[in-house]
Amino acid sequence: MPVEFIGYIGNFNASETIERSGPIIDRDHIAAAAAIHENGGFDRVLLAFHSTSPESILVGQYVTSITRNLKLMIAHRPGFTAPTLAARQLATLDHLSDGRVSVHIITGGNDQELAQDGDHLTKDERYARTSEYLDIVRKEWTSEKPFDYDGKYYRVAGGFSEVKPLGPDGVPIYFGGSSEAAIAVAGKHADIYALWGETYAQVAETIHRIRAAASAHGRSPRFSLSLRPILADTEEEAWAKADRTLQRAKALRASGERLINVNAKSGAAQPPNEGSRRLLAAAAQGARLDKRLWTEIAALTGAAGNSTSLVGTPDQVAEAMLDYYNLGVSTFLIRGFDPLEDAFHYGRDLIPRVRALIAQRDNASPHVQAAE
């Protein structure tokens, strides 16, 4: 099973430990991040979406214009663009980038954030709408003649797109969401299901649930895991670096400075989305879990997004990532707390080690795939 590495390009330089500065769209930062990821051997990069952020498809067009091979994972929220138009937008960019586009569907679990874009459906209703949305997107990508669609949320008469993605099945669809409603939609539509950095047991459980949901549709999705690796030359130095990361995050929060994610707020209230609740459940088990999963940033931020780390030397972190590969994960989304410097070190020190370990594992057992 081939392994894929996804990085992250923000619209500006910021993180849980770095105060945002500069313009809301910092082209110099985007260009530097793109170059580091492309030169570092990443396969593609995530371009995030939020109800207050720059538009991810347009940022993606800029990234493809300044790179040659780096692929995109464009976060996209159904419900605010007609699915027929969104399908043509993505297919158009796929052509302009020579087939470098994928889309990450994020339906959204935070009612307050969704209301900022004028959406007042319940979470289950949003996932039902997402399923219809993706039905239509795929028809736009694949139908050789005009089609009709009559759903609860969308009605299309004679829909058709002259521009198709370069791949015969459309652009790859990544999908996130851990609620029961999300799992059902993922089973029907996800090409790659995206998890946050959970424990081995949690990841195995989710993979089992997704595979069961997908089997009803005759589908076999792949799996992606998101992590924030913390690397150093020795294990002791790596854990000291993790502690410094936590202290900087606490200091930035205490100072009242702006954070990269306006929803990254700690507090007693449970977060509205199931993915964050799952990370907090892991954090409640302890700060260090399994071999080297570190949960303290998730606990601090209310697990507002990708917030758990693997901590250790590059060899140790690579071995832990191999464990997830053996569970069925074939894609790793890795980004650091120092976005540019960490991406450089991942490309130099981590990605080659993981690729080598996986190649060694697969060559030793050529007829054995990752865990079913």
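So, in the stretch 186-202, exactly how many residues are open to solvent by 10 Å² or more (accessible area, probe 1.4 Å), closer than 20 Å to D169 by Cα and part of a helix (DSSP H, G or I)?
Residues meeting the conditions: 1.
Can you work out which of the residues in the stretch 291-313 that are in a helix (DSSP H, G or I), open to solvent by 20 Å² or more (accessible area, probe 1.4 Å) and in contact (Cβ under 8 Å) with a residue 40 or more places away in the chain is nearest to A359 (Cα to Cα)?
E296
What's the number of the condition E162 fails, among (1) in a helix (DSSP H, G or I); (2) open to solvent by 30 Å² or more (accessible area, probe 1.4 Å); (3) not hydroxyl-bearing (S, T, Y)?
(1)
Could you count how many residues in the stretch 324-348 are acidic (D, E) and in contact (Cβ under 8 Å) with a residue 60 or more places away in the chain?
Here the count works out to 2.
Quick check on the stretch 219-237. Is at least one of its residues β-branched (V, I, T) and at pLDDT 95 or above?
yes
What are the residues in the stretch 195-213 that are aromatic (F, W, Y) and within 17 Å of A303 (Cβ to Cβ), if any?
Residue satisfying the conditions is W196 alone.
Limited to the stretch 1-34, what total is found for residues that are in contact (Cβ under 8 Å) with a residue 12 or more places away in the chain and assigned to a helix (DSSP H, G or I)?
Selection size over the stretch 1-34: 7.
Can you name the number of the only condition in (1) open to solvent by 20 Å² or more (accessible area, probe 1.4 Å); (2) assigned to a loop (DSSP other than H, G, I, E, B); (3) among the charged types (D, E, K, R); (4) over 24 Å from E55 (Cβ atoms) that E205 fails?
The failed condition is (2).
Of the residues A48, A33, A14, A75, which is open to solvent by 10 Å² or more (accessible area, probe 1.4 Å) and either among the aliphatic types (A, V, I, L, M) or at pLDDT 95 or above (or both)?
Just one listed residue meets the conditions, A48.
crowded, with 20+ Cβ neighbours inside 10 Å, of a type in the set (G, A, S) and either at pLDDT below 95 or within 25 Å of S224 (Cβ to Cβ) (or both) - does that describe any residue in the stretch 106-122?
yes
Collect the residues in the stretch 140-169 that are touching a residue at least 40 places away in the same chain (Cβ under 8 Å) and either of a type in the set (A, V, I, L, M) or out of contact with any Asp or Glu (no Cβ under 6 Å at 6 or more places or on another chain) (or both), keeping them in residue-number order.
Result: E140, W141, V156, G159, V163, K164, L166, G167.
Counting just the residues of the stretch 208-240 that are in a helix (DSSP H, G or I), closer than 18 Å to V317 by Cβ and in contact (Cβ under 8 Å) with a residue 24 or more places away in the chain, which one comes out most open to solvent (accessible area, probe 1.4 Å)?
The residue in question is E235.
The values are calculated or read from the model by the stated rules, or taken from the named source; none is laboratory data. Remember, predicted model here, so these are calculated numbers, not experimental data. In this analysis, Cβ positions are derived from the backbone assuming ideal geometry, glycine residues included, and neighbour counts consider all displayed protein chains. These accessible areas exclude ligands, DNA and RNA; they are computed on the full protein's heavy atoms, side chains included. Shrake-Rupley method; radii C 1.70, N 1.55, O 1.52, S 1.80 Å.
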